[in-house]
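*Asks:* Below you will find the structure I want to go over with you.
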Amino acid sequence: MFNLTAIREQTILNIRDFDGWYGQKQILKNINMDIYKNKISAIIGPSGCGKTTLLRSINRINDEISDYKTSGEIIFEGKNIYDKDVDLTLLRKKIGMVFQKPVPFPMSIYDNVAFGLKIHGIKDKRKRDEIVKLALKRAALWDEVKDELDKPARELSGGQQQRLCIARALAVDPEILLLDEPTSALDPIATQKIENLIEHLSEEYTIIIVTHNLAQATRISDYMYFMYQGELIEWGPTRIMVRSPKKQLTEDYLNGKIS
Amino acid sequence: MKKKINVDFIVSLIFRIISYMTFLVVVLIIFIVIADGVRYFKPSFFIEYPKKAMTQGGIGPAILGSLIMISLILLFSIPLGLLTGVFLSEYGSKSFIGKIIDISVTSLSGVPSIVYGLFGLALFSITLGFGTSILSGSLTLTIMTLPVIASSVREALAALPRELRESAYALGAKKTETIFKILIPAGKNRIITAILIGAGRVIGETAPVLLTGAVFYSTKLPKSLLDPVMTLPTHIYFITMSYGADAQWMAKATSSFLLILVLVIYLIAFQLRKEEKNV
Amino acid sequence: MNWRDVKDRVNKTIIFLFAFVGIVTVISLFIFIIKESIPALTQVGKEIFTSIYWYPTYDPPEFGMLAMIVGSLILTGLSSLFVLPLGYIISFFLYNYANSIERRVIKSTIDLLSGIPSVIMGTFLFIYVSPIIMKLGAWSPGNLLTASIGLTILSLPYAASLMEESLSSVDQSLKESALALGASKFTAGFKIVTKAASSGILNSVILTVNRVIGETIVVLMVSGGAAIIPKSLFDPVRPLTAAIASEMGEVSVGSLHYSALFTAGLILLTISFILTLISKTVIGGKAE
Ligand SMILES: Nc1ncnc2c1ncn2[C@@H]1O[C@H](COP(=O)(O)OP(=O)(O)O)[C@@H](O)[C@H]1O
Ligand SMILES: [Mg+2]
């Protein structure tokens, strides 16, 4: 049934037979899923089920963890991102990421956003200014900081810092944005702002968000992916999945019987 | 029940008294050294040469010598200690080479200063032919400072949140770009603290300099890095050990000045460390 | 490869090269000290370690270091006897009983103490303390007691702060559960926390002892300098470090005396290397 809906969407990412291990311990078990362009996809599931690991596999940031190994494929732009000849720098430029804890770099607000531009060789100052402004606007932070771009970024509030991290990721013009529980360290008002922002952003970007906040996932996502103990139990359009889950486990989770 | 309360009462009393007394002794030493020397301070003391068998004049050349030495040492040891610390923290003490470097740096931190003196003498002064000179002395002290700076840099970087590194990688930054543009600036305060503490320690270092770089008394300033030099600590040592009561004032005054210098460096370092904790 | 990759590689190479200096230094440290010791080791032989007669400038010279080795050991033993309990008491006080102001003040004072150059401590003892000790019965301004006082003060910051660190690193709940069982703070701290921190404390002991053995200037200034085996606290001693520092200026390079002083250095280097390795590998601690 959901396949019919899916056909009309354009996929941007296909995950095929994907496994992940930390050392001997298998964390991700045969994951198969598609991500649709310009949609908000929410990965949900109880804590420890492997959501973060899966998300971090998509831009290969998990390669930084030395004993992490994978098998299977993640196809992006017609190519397995785990192929040997993939340029990690370029991959990560195209697939941006925002972490759970807001981590501003030890520099000014402006320089935070411009950091990615500088390393990717955009030398023209005027162009940089323009992109920084645009990124801050898209992250709904511009109005709050436009007069103090030179202020150290850590002086911002937690919610502002998280939006700065989003702006920083947007500045390098990614196609996909990965968000790992971006609101879990924030108060309700800041959370609300970020949720609104995410919904806006999906017009231009593909969003994949990990959350264990089911209400949040239901509110903002177009597609939902439910994971349990390393397996992808079920996925589909959010509205359909919330109303009529096919698997008992999903139903139990949605009803709060598993957490 | 009652007995137990008494144990704590008695022990805490005794331990408190001992701790307070130690504290007082330390404060007293610092106070005596500084106060008993400060009274000889006058402008000429800081500029002039020592005169009349150390009974008059000042410590100008020793101050200059110490400044030249410390500048050279920092020039050499900052890049060396910084990059070694970066290596240990970022490229892993897990690999074989990493483990060896780790053990090497740790071993260096325990080597007695006089042994560094012997090493500097054999390597820099004799084998490389630098003689008893500023260069030999500075290189010797550089090696002594390496483990101090390297291990603090390593700790400073290791204390940074993992997300900081990963945020940079997630933007497509390369490893060394992340290290130099993000991690080192983020650990800046702690790194500067380490450098200051290293500097404070090395500026008072005497034994290795006696063997490799010090001249007892010189009537002219060093013209090149291959000339020997007077330094504050060696000057204090020579006066105390080789001169009579008439010269003692100069030992006191020089000690006072050196101690003030070191304490100022340390206080700046502690201030920075405190700010770091408050962030 | 683009420009950024090249730069990344170059930077990485530089980091590796610089880090390599540490290895090269340790190796050449050993090579040079051993190389310069060889003449004395081969020409004087085991007498170095068994004879107490150190007359390097006589004809024929004698190079027995036993008195100096014993001098180093006695000085280290005596100073450790002072500094280790004192360091433990202070760290225990800071950990268990001190209020936050006491903690802050005493800790920063001890930190400051670690900055006092040993030459200043030597001068201080020489000018202000030696006269008092001489009144008490010492016959030379330098003696075992004065030197031990100096070593105790100089190494106290190591002992106290390292021990305090090891006590504090023990899980707070351990102490609390002991207290909850009705133990006194003293019992909880002494029997439970200290035991849990024992490897850290042992590590502090090793690092402090290592520091004491290698200290040079203070003992050079106030240990008296006679190469005899001391029989009382007021006798002078001459430890290895002092012998090297005071005699190196007068020897001719390449002479047997020169080589014998490197042998003294080799003994010190070996001791410190072993102590550091024990601290690093067996206990898994880190150097200061
Ligand atoms: N670096 C790591 N090494 C070993 N195991 C890990 C590591 N990180 C996470 N894990 C384990 O992997 C499992 C999945 O973790 P994670 O992906 O963070 O779950 P989630 O984000 O759904 O809470 C957990 O059991 C966790 O303990
Ligand atoms: Mg997670």
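The values are calculated or read from the model by the stated rules, or taken from the named source; none is laboratory data. Since the structure is predicted, the reported quantities are computational estimates derived from the model, not experimental observations. Neighbour counts are summed over all protein chains in view; Cβ atoms, including those assigned to glycine, are modelled from backbone coordinates with ideal geometry.
*Asks:* Are any residues in region C:179-195 more than 21 Å from residue B:15 (Cα to Cα) and small (Gly, Ala, Ser), and if so, which ones?
*Replies:* Of the residues in region C:179-195, the ones more than 21 Å from residue B:15 (Cα to Cα) are C:180-182.
Listed by number, the residues that qualify are C:180, C:182.
*Asks:* Separate question: Does any residue in region A:46-75 that is more than 12 Å from ligand 1 (Cβ to nearest atom) come within less than 7 Å, Cβ to Cβ, of a residue that is part of a loop (DSSP other than H, G, I, E, B) six or more places away or on a different chain, and which pairs are these?
*Replies:* A:60/A:81; A:70/A:82; A:73/A:82; A:74/A:81; A:74/A:82
Rundown of residues vs (1) facing another protein chain (nearest Cβ under 10 Å); (2) modelled with pLDDT under 90, yes/no style:
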position: C:2; (1), (2): yes, yes
position: C:36; (1), (2): yes, no
position: C:46; (1), (2): no, yes
position: C:62; (1), (2): no, yes
position: C:66; (1), (2): no, yes
position: C:69; (1), (2): no, no
position: C:87; (1), (2): yes, no
position: C:106; (1), (2): yes, no
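*Asks:* Return a yes/no flag: does region A:27-49 have any residue that is polar (S, T, N, Q), within 15 Å of ligand 2 (Cβ to nearest atom) and more than 15 Å from residue A:80 (Cα to Cα).
*Replies:* Residues of region A:27-49 that are polar (S, T, N, Q), as a first pass: A:30, A:32, A:38, A:41, A:47.
Going one step further and asking which of them are within 15 Å of ligand 2 (Cβ to nearest atom), we end up with A:47.
Within this subset, residues satisfying the condition of being more than 15 Å from residue A:80 (Cα to Cα) are A:47.
Yes, that holds for at least one residue.
*Asks:* May I pose another question? Given (1) within 7 Å of another protein chain (Cβ to nearest Cβ); (2) among the hydroxyl-bearing types (Ser, Thr, Tyr); (3) under 27 Å from residue B:124 (Cβ atoms), where does residue B:176 come up short, assuming only one miss?
*Replies:* Among (1) within 7 Å of another protein chain (Cβ to nearest Cβ); (2) among the hydroxyl-bearing types (Ser, Thr, Tyr); (3) under 27 Å from residue B:124 (Cβ atoms), the lone unmet condition for residue B:176 is (3).
*Asks:* Would you check which residues across region C:215-235 are more than 14 Å from every other protein chain (Cβ to nearest Cβ) and more than 11 Å from residue C:68 (Cα to Cα) and list them?
*Replies:* Once the filter is applied, which keeps residues that are more than 14 Å from every other protein chain (Cβ to nearest Cβ) and more than 11 Å from residue C:68 (Cα to Cα), region C:215-235 yields C:231, C:232, C:233, C:234, C:235.
*Asks:* Taking residue B:221 as the residue in question, decide whether it is outside any helix (DSSP H, G or I), surrounded by fewer than 19 Cβ atoms within 10 Å (Cβ to Cβ) and touching a residue at least 12 places away in the same chain (Cβ under 8 Å). Step through it out loud before you land on a result.
*Replies:* Numbers: outside any helix (DSSP H, G or I): yes; surrounded by fewer than 19 Cβ atoms within 10 Å (Cβ to Cβ): yes; touching a residue at least 12 places away in the same chain (Cβ under 8 Å): yes.
So residue B:221 passes the test.
*Asks:* If a residue must be over 17 Å from residue B:214 (Cα atoms), of a type outside the set (Lys, Arg) and facing chain C (nearest Cβ under 8 Å), how many such residues does region B:227-254 contain?
*Replies:* 1
*Asks:* State whether one or more residues within region A:31-42 are more than 12 Å from ligand 1 (Cβ to nearest atom), closer than 21 Å to residue A:96 by Cα and either touching a helix residue (DSSP H, G or I) at 6+ places or on another chain (Cβ under 6 Å) or within 13 Å of another protein chain (Cβ to nearest Cβ) (or both).
*Replies:* yes
*Asks:* A further question follows. I'd like the full set of residues that are within 11 Å of chain B (Cβ to nearest Cβ) and either more than 16 Å from ligand 2 (Cβ to nearest atom) or under 19 Å from residue A:142 (Cα atoms) (or both), limited to region A:174-184.
*Replies:* Residues of region A:174-184 that are within 11 Å of chain B (Cβ to nearest Cβ), as a first pass: A:174, A:177-178, A:180.
The answer is A:174, A:177.
*Asks:* Being touching a strand residue (DSSP E or B) at 6+ places or on another chain (Cβ under 9 Å) and either buried (at least 20 other Cβ atoms within 10 Å of the Cβ) or not in a helix (DSSP H, G or I) (or both): is that true of residue C:40 here?
*Replies:* On the way: touching a strand residue (DSSP E or B) at 6+ places or on another chain (Cβ under 9 Å): yes; either buried (at least 20 other Cβ atoms within 10 Å of the Cβ) or not in a helix (DSSP H, G or I) (or both): yes.
Answer is yes for this residue.
*Asks:* Now a separate question. Scanning for something assigned by TED's automatic domain parsing to the domain that holds residue C:192, more than 22 Å from residue C:166 (Cα to Cα) and among the β-branched types (Val, Ile, Thr), does region C:74-93 turn up at least one residue?
*Replies:* yes
*Asks:* Return the total of residues in region B:254-279 being farther than 27 Å from residue B:114 by Cβ and either out of contact with any Leu (no Cβ under 7 Å at 6 or more places or on another chain) or modelled with pLDDT under 85 (or both).
*Replies:* Going through region B:254-279 one residue at a time, the tally reaches 12.
*Asks:* Another question about this same structure. Hey, among the residues in region B:105-136 that are under 15 Å from residue C:258 (Cβ atoms) and of a type outside the set (A, V, I, L, M, F, W, C), which one's surrounded by the most Cβ atoms within 10 Å (Cβ to Cβ)?
*Replies:* Going through the qualifying residues, I end up with B:117.
*Asks:* Follow-up question, since we're still on this one. Can you pull out every residue in region C:90-101 that is more than 8 Å from every other protein chain (Cβ to nearest Cβ) and either surrounded by fewer than 24 Cβ atoms within 10 Å (Cβ to Cβ) or touching a Phe, Trp or Tyr at 6+ places or on another chain (Cβ under 8 Å) (or both)?
*Replies:* Filtering region C:90-101 down to residues more than 8 Å from every other protein chain (Cβ to nearest Cβ) leaves C:91, C:95, C:99-101.
Of everything in region C:90-101, those that are more than 8 Å from every other protein chain (Cβ to nearest Cβ) and either surrounded by fewer than 24 Cβ atoms within 10 Å (Cβ to Cβ) or touching a Phe, Trp or Tyr at 6+ places or on another chain (Cβ under 8 Å) (or both) turn out to be C:95, C:99, C:100, C:101.
*Asks:* Then there is this: Of the residues that make up region B:68-76, is at least one at pLDDT 90 or above, in a helix (DSSP H, G or I), crowded, with 16+ Cβ neighbours inside 10 Å and hydroxyl-bearing (Ser, Thr, Tyr)?
*Replies:* As a first pass, look at region B:68-76 and keep what is at pLDDT 90 or above: B:68-76.
If we keep only those that are in a helix (DSSP H, G or I) too, we end up with B:68-76.
Subset that is crowded, with 16+ Cβ neighbours inside 10 Å: B:68-70, B:72-74, B:76.
This time we only want the ones that are hydroxyl-bearing (Ser, Thr, Tyr), so: none.
There is no residue in region B:68-76 that is at pLDDT 90 or above, in a helix (DSSP H, G or I), crowded, with 16+ Cβ neighbours inside 10 Å and hydroxyl-bearing (Ser, Thr, Tyr).
*Asks:* Report whether or not residue A:236 is closer than 14 Å to residue A:98 by Cα, crowded, with 16+ Cβ neighbours inside 10 Å and either under 15 Å from the mean Cα position of the chain (by Cα) or more than 16 Å from ligand 2 (Cβ to nearest atom) (or both).
*Replies:* So residue A:236 fails the test.
*Asks:* State all residues of region A:51-81 that are within 14 Å of chain B (Cβ to nearest Cβ), within 16 Å of ligand 2 (Cβ to nearest atom) and surrounded by 15 or more Cβ atoms within 10 Å (Cβ to Cβ); if no residue qualifies, say none.
*Replies:* Taking region A:51-81 as the starting set, the residues that turn out to be within 14 Å of chain B (Cβ to nearest Cβ) are A:52-53, A:55-68, A:81.
The next check asks that each one be within 16 Å of ligand 2 (Cβ to nearest atom); those that pass are A:52-53, A:55-59, A:61-62, A:64-65, A:68.
Listed by number, the residues that qualify are A:52, A:53, A:55, A:56, A:57, A:58, A:59, A:61, A:62, A:68.
*Asks:* Which of (1) under 30 Å from residue C:48 (Cβ atoms); (2) surrounded by fewer than 18 Cβ atoms within 10 Å (Cβ to Cβ) does residue C:143 not meet, given it meets every other one?
*Replies:* Going through (1) under 30 Å from residue C:48 (Cβ atoms); (2) surrounded by fewer than 18 Cβ atoms within 10 Å (Cβ to Cβ) one by one, residue C:143 breaks only (2).
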